[in-house]
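I have placed the structure first, in the form of structure tokens, so that the comments after it can refer back to it.
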Amino acid sequence: MGVKCKPIEYRWDGALLPQFGISAADIDGLYPRLLEIRDQIFAHELPLYESGGAVPADWQPLDAGFIELPQRLLSQYQAERENSELGRILACAKRLRDQVDRVVVLGIGGSYMGARAILESCCQPYYNEWSRAERGGRPRVYFEGNNVDNDHSQALLQFLGQGRVARGVEDRWALVVISKSGGTIETAVAFRQFLAALKSSLGDAQERLPEFVIPVTGESGKLASLADALGCRERFPVPDGVGGRFSVFSAVGLLPAALMGVDVVAMLQGAVAMNERFRTQGLGDNPVLDYTAVSHLAEKLRGHHTRILSVWSKSLEAVGLWYDQLLAESLGKHEQGALPLTVVNTRDLHSRAQQHQEGRRDKLITNLILDSWRYDALTVGSSVHDQDGLNEIAPKTLPELMTAAIAGTNQAYREDGRLTADLHLPAADESSIGQLFQMLMLATVVEGRLLGINPYGQPGVEKYKINMKRLLA
Ligand code: PA5
């Protein structure tokens, strides 16, 4: 494939320390099974998915389409440019950029978490607060349709100027509505409400409504029918065989990302590079297999059923929440599956670390660490008022403080026999995030196969929906 990007790195040597009860022999013993699963994915599952052949009952659903999706989109873009799907996504984002200053993205679960994770990790902090010029003319982005929270919906509608006619670009807004099934109640209700508001914001120009509504949905379903009825000028598919929480590299994640000016090509290239590593590398340089091996053995041999993703940057919190959903909905089946939990440090050293240090020994802590920062390093600085005693560390920078906090925390955990591993990202940028998303999606599939759980589908989620509909009827 030859895609060059700075690789993310998973360091798990510490897991083999004698106090953790996992030995090199345990890892070696698991390795052949992991390779078998990898072979099964590439030799059977993917070809079956791609041929559209009949999927055996115990493999259904088989949503393996996410694996080759990044490469498919890139190849098509290279060959067909503006006529390709990625070309259309970029063109749509550019058009909206020129026409509106705010975009409301409606969606929930897999139709929401990925886009939010991209915004928070790849865009500058306080993105929405910057002026239009500082945002490079890109629209502010707001997420809704991910709840039925009266006050948040009302507040956003008021903020958008409910009842007021937009006078120009600065005032105008658009809706991106994302739902694979097209029937999810939270998103559907929000769409109805925000569509009405958008219509009134257009005043006498209501015939332009379809220009400002971009649906991302499956081929058929209620949202697809609504899009037809409204005459939406542009719409994007959620491909069949790509499950909601595996859909971040479809228009579900890419359209909001392109709106925010994220380099979606670099992100897809990152995902392709991770595929390549997964396909070709052995244990030790294969983050997918390495991470799965350590996580699985920690659970099986040490009873570490809680899986903590400890992110050492505020920018990565939503990435952690995206992973919480991926792991919980994929493997939380048949009374199995680890409990995911994202913590943001150093913030949560002051809320959760006590329990991680001295609580029940049921936690695997994976640190997600940035190796570089977007902005220049900020020093502590010296002061004539040294009552706080900080002059001693005056030349130190925030990145240095962070590095010391990570090392100090890891050391404290290890000295008490608490298992940690480190996942290093070169930066909070498109390439790293692309690699990370793909790594965690692949690892979830591999682990599902290892546990004998189908990682795709979420039959349990349907139960609350049935009850809720009955109660509302
Ligand atoms: O992973 C999944 O499939 C779910 O989390 C869905 O993304 C979520 O339920 C939203 O579904 P839809 O996109 O159909 O509105």
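The values are calculated or read from the model by the stated rules, or taken from the named source; none is laboratory data. Everything quoted here is computed from the prediction, not taken from an experiment. Glycine gets a Cβ as well: all are built from the backbone with ideal geometry, and neighbour counts include every protein chain shown. Remember, those area values only see protein heavy atoms, side chains included, never the ligands or the DNA or RNA. Shrake-Rupley method; radii C 1.70, N 1.55, O 1.52, S 1.80 Å.
For L30, work out the one condition from (1) touching a strand residue (DSSP E or B) at 6+ places or on another chain (Cβ under 8 Å); (2) open to solvent by less than 40 Å² (accessible area, probe 1.4 Å) it doesn't fulfil.
Among (1) touching a strand residue (DSSP E or B) at 6+ places or on another chain (Cβ under 8 Å); (2) open to solvent by less than 40 Å² (accessible area, probe 1.4 Å), L30 violates only (1).
From the list L423, L436, which residue is outside any helix (DSSP H, G or I) and surrounded by 16 or more Cβ atoms within 10 Å (Cβ to Cβ)?
L423
Can you find a residue that is assigned to a helix (DSSP H, G or I), out of contact with any Pro (no Cβ under 8 Å at 6 or more places or on another chain), in contact (Cβ under 8 Å) with a residue 40 or more places away in the chain and buried (at least 23 other Cβ atoms within 10 Å of the Cβ) anywhere in the stretch 221-243?
No, that holds for no residue.
Condition check ((1) within 27 Å of D171 (Cα to Cα); (2) in contact with a strand residue (DSSP E or B) (Cβ under 9 Å, 6 or more places away or on another chain)) across all residues:
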| site | (1), (2) |
| --- | --- |
| P18 | no, no |
| L48 | no, yes |
| Q60 | no, no |
| I67 | no, no |
| Q78 | no, no |
| I89 | yes, yes |
| A93 | yes, no |
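Does V148 fit the bill of being exposed (fewer than 14 other Cβ atoms within 10 Å of the Cβ), at pLDDT 95 or above and either in contact with an Asp or Glu (Cβ under 8 Å, 6 or more places away or on another chain) or closer than 15 Å to V103 by Cβ (or both)?
When the stated conditions are applied, V148 passes them.
Which numbered condition in (1) open to solvent by 60 Å² or more (accessible area, probe 1.4 Å); (2) in contact (Cβ under 8 Å) with a residue 40 or more places away in the chain; (3) over 25 Å from P459 (Cα atoms) is the only one that Y49 fails?
Every condition holds for Y49 apart from (3).
For the stretch 271-285, enumerate the residues that are under 15 Å from E36 (Cα atoms) and not small (G, A, S).
Matches in the stretch 271-285: F278, R279, T280, Q281, L283.
Determine whether the stretch 371-379 contains at least one residue that is buried (at least 20 other Cβ atoms within 10 Å of the Cβ) and in contact (Cβ under 8 Å) with a residue 40 or more places away in the chain.
No, the stretch 371-379 contains no residue that is buried (at least 20 other Cβ atoms within 10 Å of the Cβ) and in contact (Cβ under 8 Å) with a residue 40 or more places away in the chain.
Given the conditions (1) within 16 Å of the ligand (Cβ to nearest atom); (2) part of a loop (DSSP other than H, G, I, E, B), report the number of the one that E186 does not fulfil.
(2)
The conditions are (1) at pLDDT 95 or above; (2) within 16 Å of the ligand (Cβ to nearest atom); (3) charged (D, E, K, R), and E276 fails exactly one of them. Which is it?
Checking E276 against (1) at pLDDT 95 or above; (2) within 16 Å of the ligand (Cβ to nearest atom); (3) charged (D, E, K, R), the one that fails is (2).
Could you check how many residues of the stretch 439-461 are of a type in the set (A, V, I, L, M, F, W, C) and open to solvent by 20 Å² or more (accessible area, probe 1.4 Å)?
3
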